[in-house]
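Notes for the one structure printed next.
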Amino acid sequence: MASFFSRIKDGLAKTARQIRDVLGDAPEAVTSTAAPTARQGRTVKIDTLDAVEEALIAADVGLPATERILTAIRTDRQGSIGDRVGREVRRVLTEAGGAVEISARPHIILVVGVNGTGKTTTVGKLANFYRSTGRSVLICAADTFRAAAVEQLAVWAERAGTDLIRAQSGADPAAVTFDAVVAAKARGRDVVLVDTAGRLHTRANLMAELDKIRRVVGREVPGAPHEVLLVLDATVGQNGLVQAREFLAASGATGIVLTKLDGTAKGGVAIAIAHELRLPIRFVGLGESIDDLAPFDADAYVEALFTDK
């Protein structure tokens, strides 16, 4: 994972610089005009707090999460400002949750999101990831509306060395998903990845279709779907957060895959997602190759943003 961590640092380099330029130069001073008591200790001066706030907002951390971090700086007196910010960011990210254990067999994962976020590509990368952990995988091409979706997914399935269940263009997505789950049970597959059609939360017919898919898999496998991963494009920053918030209720998302993290200066959006949506970031994508996806690591993320190592 060392090389992957290096790529995280490279991808977040611009964001990290604008944050560390402030945090590295922020001296501590007494905020009150009164003499400090031993209990009061020393805090960050107001204009420094303003500068830290500006840096975090510019990194797309978002106002609610930024306010929480600033409160932590005021109350946590241990270590440098960067250390305090890093500790609070780590808390925000870990409170949202972490990895999901694969317990059911088959473990069914729906992958949802709007077009253009890298959803279908992510399905292929997820298949490769789970295969690399020793699990057998089956992919379901439930996006039967977009002309090139099935063909694109077939290429990724071949790269990952996984089975693909597909149907003719325009087929009922729930029926395709049913066939995939039945096949996975018959073949003894560990994980089923369902690539759903790109949709907006405002498209009632597509959301109804997603509900139908959920009902179908729930009848075939108790407790399914076990995970609903919402794919977000990190390069859109706060717009992605708005998209996720509106999509959340309709899709029943249980986790986030944050794609294109290597192509953005808005890497702070991961903090905003964890704080405001209380959704864990399960995976991050850092490129176009099949192995350019890995489980999100809060410690690596914090180190990439707040340390110079």
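FYI, it's all coordinate maths here, none of it is from the lab. This structure is a prediction, so every number in the text was calculated from the model and none was measured. Note that we place each Cβ from the backbone using ideal geometry, even for glycine, and neighbour counts take in every protein chain shown.
Tilt of helix 81-95 relative to the longest C-alpha principal axis of the chain, in degrees (0 to 90, nearest 10)?
30 degrees
How long is the gain from Lys14 to Thr71 if the chain were fully straight, where each residue apart is worth 0.36 nm and the alpha carbon distance is subtracted?
18.0 nm
Under a crude label model (7 Å from the Cα following the beta-carbon direction), how far is Ala171 from Glu288 in nanometres?
Using points 7 Å along Cα→Cβ, the separation is 2.9 nm.
Identify the GluC sites (Glu not before Pro) of segment 244-309 meeting these criteria: DSSP loop state and at most 15 other C-beta atoms within 10 Å of the C-beta.
Here the GluC sites (Glu not before Pro) that fit, given the DSSP loop and packing criteria, are Glu288.
Could you check the simple spin-label distance between Arg245 and Arg159, using points 7 Å along Cα→Cβ, in nm with one decimal?
3.4 nm
Where the only charges are on Cβ atoms (+1 Lys, Arg; -1 Asp, Glu), what is the dipole of the chain about its Cα centre, to the nearest 20 debye?
Details: 38 positive and 38 negative charges, 120 e Å.
Charge dipole, the chain, about its Cα centre: 580 debye, nearest 20.
Taking mean projected area of the Cα convex hull in nm² as the quantity of interest, determine which of (1) 16.6; (2) 27.1; (3) 19.5 was computed from the displayed structure.
Matching the structure shown: (1).
Under the Karplus relation 6.51 cos²θ - 1.76 cosθ + 1.60, θ = phi - 60°, what is the ordered set of whole-Hz ³J(HN,Hα) values for segment 275-290, x standing for Gly and Pro?
Couplings: 6, 7, 9, 6, 10, x, 8, 7, 9, 10, x, 10, x, 9, 6, 5 Hz.
What FRET efficiency do you get for Val100 and Asp50 if R0 is 41 Å and r is their Cβ-Cβ distance, rounded to the nearest 0.05?
Numbers: r = 39 Å, r/R0 = 0.96.
The pair Val100/Asp50 has a calculated efficiency of 0.55.
Just how far, in whole angstrom, is segment 160-210 from segment 226-258 if you go by their alpha carbon centroids?
Each part's Cα centre sits 19 Å from the other's.
Amide H of Leu164: which non-local residues (sequence gap of 5 or more, or other chain) have their own amide H closer than 5 Å, using H built in the peptide plane?
Ile139
For Arg91 and Ile57, what does the FRET efficiency come to when R0 = 30 Å and r is the distance between their Cβ atoms, rounded to the nearest 0.05?
E(calc), rounded to 0.05, equals 0.95.
Taking the Cβ-Cβ separation of Arg135 and Arg215 as r and a Förster radius of 22 Å, what is the calculated FRET efficiency to the nearest 0.05? If you can, show how the numbers build up before the last one.
On the way: r = 25 Å, r/R0 = 1.16.
Taking R0 as 22 Å, the efficiency between Arg135 and Arg215 is 0.30.
Put +1 on the Cβ of every Lys and Arg and -1 on every Asp and Glu Cβ in segment 194-309; which of Gln238, Gly252, His226 then has its Cα farthest towards the positive end of the dipole?
So the residue furthest toward the plus end is Gly252.
Quick one: how many lysine pairs does the chain have with C-alpha atoms less than 28 Å apart and a gap of 8 or more or different chains? Give me the count, please.
Lysine pairs meeting both conditions in the chain amount to 24.
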